[in-house]
Amino acid sequence: MEGIGCRFRDLRGIVRALLVLSIIALFTGPSSPLVAQATGTVQGTVTEATDGSGLRGVIVSVEGTGISTVTDRNGAYTLNRVPVGAQVILVRWLGYRPQRVPVSVTADATTTADVAMEAQPVTLAEVVVEGVTRAPERVVEAPAAVAVVSPQAQRDLSVTGQAPKAVEALPGADVVQSGVNDFNVNARGFNSTLNRRVLVLQDGRDLALAFLGSQEWSALSIPLEDLGRLEMVRGPGSALYGANAFSGVLNITTPTAREVAGTKLTVAGGELSTFKADLRHAGVAADGRFGYRFNGGYYRSDSWSRSRTNIGDLATEYSGLADTVITPSPGFELVPLAGQTKEGAPLPFGPATGDPDPLQSFFGSARFDYYADDGSVFTIDGGAAQSENEVFVTGIGRVQVQKALRPWARAAWAAERFNVMAWWSGRNTIDPQKSLASGLDLLETSHLVHGEAQFNFPFAEERGRVVIGASARAYLVDTELTLMAAANDDRSDGYYSGYAQIEFEVSPQVKLLGAARVDESDLFEPQFSPKGALVITPTPDHSIRFTVNRAFQTPNYSEFFLNVPAGAPADFSLLEAGLRASPLGPVLAGVPDGQLFDNSAAVAVWAQGNAALNVEHVTSLEAGYKGQLGRRVFVTVDGYWSRLTDFVTDLLPGINPAFGAWTAPAAVPEAFRPALEQAVRDQLLAAGQTVAALGLTRRNGTTAIVVSYGNAGKVDEYGVELGTGIWATDELLLEGNYTFFEFDVKSQALGDQLLPNTPQHRANLSVAYQGRQGFDFRVVAHLVDSYQWAAGVFGGPIPDRQFVDVSAGYQINPYLRIHAIATNVFDQERYQIYGGSVIGRRFLGGLTATY
């Protein structure tokens, strides 16, 4: 009870801190929304300088405020409630020279500011990111390795419904695909079947599943094209973001309602019987004071996943795709995919017949913005996605999500000096998830509730800035005893944190940064995550950085509390009979036949979590260069060395001290028990049953074979990430990047395989054309070296691959655009996760109408 009391006192303290800081920010900000200001209106038209045509979608803002809008199909814009006096209108659009237009705003009057945009290549110095320090800054000056997904890439890939493919071509990104919508997004090694080393945030909301901590990409409620800005920060990020920002952060910032005003409808379809439709409508009301945005959509596709209910199905599926022979391990699955039936009953194996049910998702969201006079924005938004039939590769085998609902809601207040938000994210299993290996139904009802406040204050005449923040989160997880035992199921856990960061410009060319965060939870001991950085910017277009980071990854609920059968029961009848016929036979006289192992004909095999697991840690040293070479070339170079410790192992026998070695029944005389126990282990090892020999134990007093998790291992890793972009002309961009990765295992647990599941060499090459006459195309080649994979029950070789994606579009008129995309256009069949599906080509075409 004392511990519980301390926990509530901690929570009360954090809540008080959040409230006090919110009140301070409200009344000490640059302009309190409680104080009325005299305002006016600025309107105008943004045109192309060469032909005078209106430019749609251009961002127009009032410099130094949060007031912004976008142009309509004719290039017209209106900025409401602009503070009176001298202001600067900032007009930006990729591919055009930024324009700054001075205006004088008069109270209750309209000022006109027309702008003609001149085409020019995008320079690196113009790109702004927020994910590195939680504040806008030029990418050149960001103290981390960071890359931004281009709007063209998002638009082209949106019809696929595969958001991770937008990240696939970024420097240093390691994206592997298992099914149509099952992806793992990683950076800097040690990928897994359910990766959570890269934290994925949408407007500050963690998109991970509560139970597994990984992403469910089929459950996004907003299409890729409408997600806004996608930034991938590589390297440890726990100093600002906490748990699971282990190897990086994928930061998604959706646009405000007024930034996407209008109506857009996209309809697309193609191979794999794919059909996708989504509708978005947004606008402003009350003289621009309120904004609203609605979207909804439907997605359907067949899958590349195949049933594996017959002996050797996995080997057959992978036949001819790797240089080495694929073994049938881990054997067949007991149940087929939804929609199929298995022949051969009552045999446990047999071929699957019929057509699998298609993948489906229904999704939608709504957003409401209030735009205050001081430029701050208050937002309430929410949405939901229902996904069906996607197959995921997990540590215990493949799992099919038959039908699951992912609802969410968020409220946020964003101002120049503070951001305060609260969000809720849920997951509800409507139809049970099916473990294909065991046939068991798996359920999950979970909720994440999070509150956070962040504040920033300048000092030393704007040469320095302090960021402070705190957050509190509650996890509520219920698997209805399908994944966790009664003692651990239907649980709630708290997670609390506080962080601070200070930046200071020693000179216009030198910036120092220091950050630290403390995280504490019911599930793990307090964690301290520091960060330090030095950024030298000799010119505005060049920078060199040096950073040191420490981050952590917490075990997920499965690793802490898993409680499921790991396979069919083992038959030890012959083993018992052999022991009774051996010289040890007389000592078994008091043990009834068939009960040496309680039920020798059916010894249970279990996968168990380990509640005593520690978190994994990484400490990283990095150096990087970003530079714009003239108008047409930019280059990034990032190198790192990292030490990773306390890995959470795969499911292994004998790793969890809570399950000690098997002990003989009480009926065996005590003097002979050690000899009998050793004889059992020796016989199992001699028969090649290593898992049974090491995992034989007593579970709840009854003989069982248990595999579980532990902490073990130390690895050094290092790598180089290179990226470049060349504007061959004002309309043609050539890009390329190369990633080198190497590792050195210093120690690991007996029986564990510490493989990074990452290629040593990876490269991407792309050509993108954006014509002024409405035609555009993009070609991306992904070149990946072969490597070895080991995660959970799956392990084997991953073949090299050379995927090429091609997309093209044509703007017929201001209202209609036709477009097409072919992923893996040459249909090079490869699997990218051992145990995952073989990925082939998909060609899709679509039509987008905007108004």
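The values are calculated or read from the model by the stated rules, or taken from the named source; none is laboratory data. All of these numbers come straight from a predicted model, not from anything done at the bench. Glycine gets a Cβ as well: all are built from the backbone with ideal geometry, and neighbour counts include every protein chain shown. Accessible surface areas use protein heavy atoms only, side chains included; no ligands, DNA or RNA. Shrake-Rupley method; radii C 1.70, N 1.55, O 1.52, S 1.80 Å.
Are there strands (runs of 3 or more DSSP E) fully within the range 442-538 with at least 3 residues that are closer than 16 Å to L212 by Cα? List them.
Numbers: elements: 445-459, 464-478, 491-507, 510-521.
Hits in the range 442-538: 445-459, 464-478, 491-507.
Restricting attention to the range 227-267, the residues being part of a strand (DSSP E or B) and among the small types (G, A, S) number 2.
Scanning the range 376-401 for residues that are of a type in the set (S, T, N, Q), in contact with a Leu (Cβ under 9 Å, 6 or more places away or on another chain) and open to solvent by less than 10 Å² (accessible area, probe 1.4 Å) gives S387, Q400. Do the conditions hold for A404, that is, is it farther than 30 Å from F418 by Cβ, among the small types (G, A, S) and either part of a strand (DSSP E or B) or open to solvent by less than 20 Å² (accessible area, probe 1.4 Å) (or both)? So A404 fits the description; yes. If you scan the range 779-818, which residues turn out to be open to solvent by less than 50 Å² (accessible area, probe 1.4 Å) and polar (S, T, N, Q)? Once the filter is applied, which keeps residues that are open to solvent by less than 50 Å² (accessible area, probe 1.4 Å) and polar (S, T, N, Q), the range 779-818 yields only S807.
Among the residues of the range 600-615, count how many are in a strand (DSSP E or B) and in contact with a Phe, Trp or Tyr (Cβ under 6 Å, 6 or more places away or on another chain). Write out each step before concluding.
Narrowing the range 600-615 to residues in a strand (DSSP E or B): 603-608.
Subset that is in contact with a Phe, Trp or Tyr (Cβ under 6 Å, 6 or more places away or on another chain): 603.
Looking only at that region, the number is 1.
Could you check the range 414-445 and list, in sequence order, the residues that are under 23 Å from W606 (Cβ atoms) and within 20 Å of the chain's Cα centre (by Cα)? Within the range 414-445, just E444 meets the criteria. When every residue of the range 354-372 is checked against the conditions, none turns out to be touching a Ser or Thr at 6+ places or on another chain (Cβ under 8 Å), charged (D, E, K, R) and surrounded by fewer than 22 Cβ atoms within 10 Å (Cβ to Cβ). Is it the case, given these coordinates, that R300 is touching a residue at least 60 places away in the same chain (Cβ under 8 Å), in a loop (DSSP other than H, G, I, E, B) and open to solvent by 60 Å² or more (accessible area, probe 1.4 Å)? Spelling it out, it is not the case that R300 is touching a residue at least 60 places away in the same chain (Cβ under 8 Å), in a loop (DSSP other than H, G, I, E, B) and open to solvent by 60 Å² or more (accessible area, probe 1.4 Å).
Look through G40, G75, G44 and report the one residue that is touching a strand residue (DSSP E or B) at 6+ places or on another chain (Cβ under 6 Å), over 29 Å from V148 (Cβ atoms), open to solvent by less than 20 Å² (accessible area, probe 1.4 Å) and small (G, A, S).
Numbers: G75 fails: over 29 Å from V148 (Cβ atoms); G44 fails: over 29 Å from V148 (Cβ atoms).
Only one candidate passes the filter, namely G40.
For the range 545-569, enumerate the residues that are part of a strand (DSSP E or B) and touching a Leu at 6+ places or on another chain (Cβ under 9 Å). Let's see the steps before the verdict.
Initial filter on the range 545-569 (part of a strand (DSSP E or B)): 545-553, 562-565.
If the condition is that a residue be part of a strand (DSSP E or B) and touching a Leu at 6+ places or on another chain (Cβ under 9 Å), then R545, F546, T547, V548, N549, L562, N563, V564, P565 are the ones that fit.
Let me confirm something: among A577, A581, A568, A589, which residue is open to solvent by 50 Å² or more (accessible area, probe 1.4 Å), under 26 Å from M484 (Cα atoms) and of a type in the set (A, V, I, L, M, F, W, C)?
On the way: A577 fails: under 26 Å from M484 (Cα atoms); A581 fails: under 26 Å from M484 (Cα atoms); A589 fails: under 26 Å from M484 (Cα atoms).
Only one candidate qualifies: A568.
Figure legend. Inter-residue proximity from the range 337-351: first residues under 23 Å from N389 (Cα atoms) and open to solvent by 50 Å² or more (accessible area, probe 1.4 Å), second residues at pLDDT below 85 and part of a loop (DSSP other than H, G, I, E, B), beta-carbon distance below 9 Å, spacing 6+ or different chains. Indicated pairs: P348/F332; P348/A568; F349/G331; F349/F332; P351/G344. Set side by side, the residues L613, L644, L621 differ, and just one is surrounded by fewer than 16 Cβ atoms within 10 Å (Cβ to Cβ), modelled with pLDDT of 95 or more, closer than 30 Å to A145 by Cβ and not β-branched (V, I, T), which is L621.
What is the number of the single condition among (1) open to solvent by less than 10 Å² (accessible area, probe 1.4 Å); (2) not in a strand (DSSP E or B) that L844 does not meet? Unmet for L844, out of (1) open to solvent by less than 10 Å² (accessible area, probe 1.4 Å); (2) not in a strand (DSSP E or B): (2). The residues listed here are D650, D638, D598; of these, the one that is surrounded by fewer than 19 Cβ atoms within 10 Å (Cβ to Cβ) and of a type in the set (D, E, K, R) is D598.
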